[in-house]
C-alpha cells in the first residue's frame, strides 16, 4: 500500500532463512498492503518474546514466508484499512498474534494485521504498558479461563509470580475471586503482593510444599508454575483431588511424572501454547486485558526500550536467559 504519507518501503527486522540470531537483518522491505479485512498499522512499539526465537530458529514449526519479519506483538495507529475492517485511520490498536501460521511479524515500521486479531487501545492507556502486556496477559487469560477451569473460590498456586506471565496470572486470578499463593525470590515478594497474591513463599525453600500448605486455606485447585520449572512431585503433593496442573513453558523437557499420585486423585495435566489459541479466545483475552489496563488492574515491569537495530542482540539474550522484565523495541 502506498499513498499520502505512506512510503513504498520500510525498515524491518527480518530473516531470509531460519537459524541463529545472526540471521536477523535490519533493512528495507516493501510496505505491505492490507487485504479486504486487514488493517495497515504504523507501528510505535513492539515487544520481544521467547516464542519469537522459537519461530526464527525453526524450533516451533509454522509456515514462514521469506523474507520473514520477526515478532508477535505491536502497538500503533491504523493508517489504512480494507473495506471489511471495523477500524479507520487514526485508531490506536494493538495485536499479539503476528509472525505465525504464515502471517508476517511485527518488527517493522508498518505491519498488516487481520482485523479479527486487532484490538483497540483503551482510552488514555500507556502504549508501552499495552504492548508489554499483550503476550503475557493473554497467556494468563488462556491458562486460567480456557484451560484451567478457574472458578471463584478456587485456591491457585502461581510459580514464578514475579515474571511477566506470573504477575498477570496473579492479578487475573485475584480478580476472578481465587485465593492466590505465589512463589518467587524473597526480593520479589513485594511485587507478587502488589499484583494481588494473598501469600508469597520462597520458591527455593526445601520445604516448599509445607509452606504452600500453610499459606493456603486448603489444597490447590489449579497449580501453575509459569516459569516452566515443572516440579510435578511438588504439584502432586499440594494439589487437591480433581486438581489441574497447567503446563505452558518448559525449562525441563522431561520432568519426573508421579503417575500414581496424580491418577489416583483425578489430577489432570493441561498443556497449552498461545499460538494454538483461536481468534475468539484471543479476542476474549483482549477484552479482559483492555478492561484491566483501563482500571489499573495490570502492571508490567519494562526493563528496556531499544531501537530496532538491537533485534538480533535481543534474540541472543532471550536464548541465553539473560533478559529480565519486558524489553520493547521502537521501529
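Which residues, counting only those in the range 31-61, are within 24 Å of the chain's Cα centre (by Cα), part of a loop (DSSP other than H, G, I, E, B) and within 14 Å of residue 331 (Cβ to Cβ)? Walk me through how you get there before you give the answer.
Residues of the range 31-61 within 24 Å of the chain's Cα centre (by Cα): 38-61.
Among the residues that remain, those that are also part of a loop (DSSP other than H, G, I, E, B) are: 48-49, 58-61.
Selection gives 48 alone.
Where helices (runs of 4 or more DSSP H) fall entirely within the range 163-269, those with at least 1 residues that are buried (at least 20 other Cβ atoms within 10 Å of the Cβ) are at 164-175, 189-195, 208-215, 232-238.
Does residue 175 satisfy the condition of being farther than 19 Å from residue 44 by Cβ, in contact (Cβ under 8 Å) with a residue 60 or more places away in the chain and touching a helix residue (DSSP H, G or I) at 6+ places or on another chain (Cβ under 9 Å)? Yes. Take the range 88-102 and flag every residue that is buried (at least 22 other Cβ atoms within 10 Å of the Cβ) and part of a loop (DSSP other than H, G, I, E, B). Scanning the range 88-102 gives 96, 97, 98, 99.
Residue check: is residue 28 in contact with a helix residue (DSSP H, G or I) (Cβ under 8 Å, 6 or more places away or on another chain) and either under 28 Å from residue 324 (Cβ atoms) or not in a loop (DSSP other than H, G, I, E, B) (or both)? Judged against the criteria, residue 28 is not a match. Within the range 115-131, does at least one residue satisfy the condition of being crowded, with 24+ Cβ neighbours inside 10 Å and in a helix (DSSP H, G or I)? Among the residues of the range 115-131, at least one is crowded, with 24+ Cβ neighbours inside 10 Å and in a helix (DSSP H, G or I), which makes the answer yes.
Filtered by the rule that a residue be assigned to a loop (DSSP other than H, G, I, E, B) and surrounded by 21 or more Cβ atoms within 10 Å (Cβ to Cβ), the range 74-86 gives a lone residue, 85.
Residues that are touching a strand residue (DSSP E or B) at 6+ places or on another chain (Cβ under 7 Å), on the phi < 0 side of the Ramachandran plot, buried (at least 22 other Cβ atoms within 10 Å of the Cβ) and part of a loop (DSSP other than H, G, I, E, B) do occur in the range 62-73.
FYI, it's all coordinate maths here, none of it is from the lab. Worth saying up front: this structure is predicted, and the values here are computed from it rather than measured. Note: ideal-geometry Cβ built from the backbone for every residue, glycine included; neighbour counts use all protein chains shown.
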